[in-house]
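Below: one structure, written as C-alpha cells.
The values are calculated or read from the model by the stated rules, or taken from the named source; none is laboratory data. No experiment lies behind these values; they were computed from the predicted model shown. No Cβ is skipped: glycine too gets one built from the backbone with ideal geometry, and neighbour counts run over all protein chains shown.
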Amino acid sequence: MRRAFTLIELLVVIAIIAILAAILFPVFASAKEAARKTVAISNTKQVATGLMLYGADYDDCMPLSHRVISGFLYPAIMTPNRWCPSFAVREDDSLWANTLIPYTKNYQIFTYQGQNVYDPWGCGVTTAAPQNQSLSYNGLLNGYNLSGVASPSKLTLVWPGNMKEEIFGGNFTNPMLLCRAGTGTTALRDDCRFNPTGGPDGTQTTAGPATQVDISWYTYSSANDTAWVVSRGMVFVAVDTSARWRPLNLSGTVTSGADMVRDYNDPTMRYAANARMSAFHRCQTTPTSPLYLSFFRPDSEFNYQFGNTAGTRCTP
C-alpha cells in the first residue's frame, strides 16, 4: 500500500517550488531583456552598415533624410513608397529608408521588438504591404560627404530616434536640417547640407537660438517618448559602424532648475518624467554662427560646451 503525501510534505514541496521560482523568474526576465538588447544592437548596426555601403557606392555621399511638401519640411517617409495612394510622394523613393533596401534586403531590421505602433497616415486603401520602422538616421548627414566627419567613432549615424514608437508603414528622421524648398519647386534644395558657419541652405547666418537651423522631434504619442527604449537606455551606432548600448537617465530623476546632463555619450540636456529627452545640447562655432545640435554635428570632436544658448561653443 503506497503512502500518500502528508500535508507538511506537500507544503514543503510548494515552498521549495516558490523559492526556486522567485530565484529563477528574474533570471529569465534578465535573459530575455539581454536577448532583446542583442537583437537591437544587431538591427541598428545592420542599418548603419547599409548606410556605409550606400556611401561607398556614391562617392562617400550620404543619402537624403527628408523631403519638402508645398514648401514645408516633412520628416515622415513612407516605407515602401506609395503603399498608401493618398500620401504618394515622388521624393520618398530617393530617401534613406527606401534607398537602403538594396543593401539591407528587408525593412524588418529597421525596428525592434516591443515597440509601440503608431499610424500617422489613416490610410484606408493600400497598394502594397506597409513596412513599420522605428530607427532614425542622423539627418544632419543629409547629402553630407563622409570624409568631412571629424569623429567617425563617436558621431551617431543610426539610433532609435523615434524612441519607443514604431511608425506604421513609415520612418521618421530625427534630427533633421531646416532647409527650405528650392525656388518654384516643392523639392528639397540641392544645397541642403550641414554648414558649421551658417544655415544648411546658405541663407541663415545670425547667431542665437532664434535662428535654430535643425530640429529634433517628439514622438506622435507622448506615452512613447522615453529614452528607455531597450532596458534603461538605447543603442547608438557611430559612423565607423561601432555599436553601443548606452544607459540613459538610469535613476529616472527629472532634471531640475538650471541643472543639465553633462555627458558626451548622451545627447540630452534635460530629462522630464518617464526619461523623456526634453531638451538637447546645442553649440556654435563662432559668435555669428547658428546653433546646431552638438551631439549630432558632423564636425563635432565631442569637446563641446554643454548648453543651448548663443555663446555656447563647440570647442571650449
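For every residue, the table says whether it meets (1) of a type outside the set (Ser, Thr, Tyr); (2) touching a helix residue (DSSP H, G or I) at 6+ places or on another chain (Cβ under 9 Å); (3) part of a helix (DSSP H, G or I); (4) over 30 Å from GLY50 (Cβ atoms).
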{"site": "TRP217", "(1), (2), (3), (4)": "yes, no, no, no"}
{"site": "GLY252", "(1), (2), (3), (4)": "yes, yes, no, yes"}
{"site": "VAL261", "(1), (2), (3), (4)": "yes, no, no, yes"}
{"site": "TYR264", "(1), (2), (3), (4)": "no, yes, no, no"}
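None of ASP225, ASP266 is in contact with a Leu (Cβ under 8 Å, 6 or more places away or on another chain), closer than 23 Å to ILE41 by Cβ and of a type outside the set (Lys, Arg) except ASP266. Taken as a whole, the condition of being farther than 25 Å from GLY148 by Cα, aliphatic (A, V, I, L, M) and modelled with pLDDT under 90 applies to ALA210.
Annotation note: Cβ proximity below 6 Å between a residue of the stretch 75-86 that is within 28 Å of LEU140 (Cβ to Cβ) and a residue that is surrounded by 20 or more Cβ atoms within 10 Å (Cβ to Cβ) and β-branched (Val, Ile, Thr) (sequence gap 6+ or interchain) occurs for PRO75/THR173. Here CYS283 meets each of (1) under 21 Å from the mean Cα position of the chain (by Cα); (2) at positive phi with one exception, condition (2).
Applying the criterion of being in contact (Cβ under 8 Å) with a residue 40 or more places away in the chain and of a type in the set (Val, Ile, Thr) to the residues of the stretch 267-315, the residue that is surrounded by the fewest Cβ atoms within 10 Å (Cβ to Cβ) is THR309.
If you go through the stretch 135-166 and keep only what is polar (S, T, N, Q) and touching a His at 6+ places or on another chain (Cβ under 8 Å), you end up with just ASN142.
Say we look at the stretch 147-161 and pick out the residues that are of a type in the set (Val, Ile, Thr) and within 16 Å of MET176 (Cβ to Cβ); which of these is surrounded by the most Cβ atoms within 10 Å (Cβ to Cβ)? That would be VAL158.
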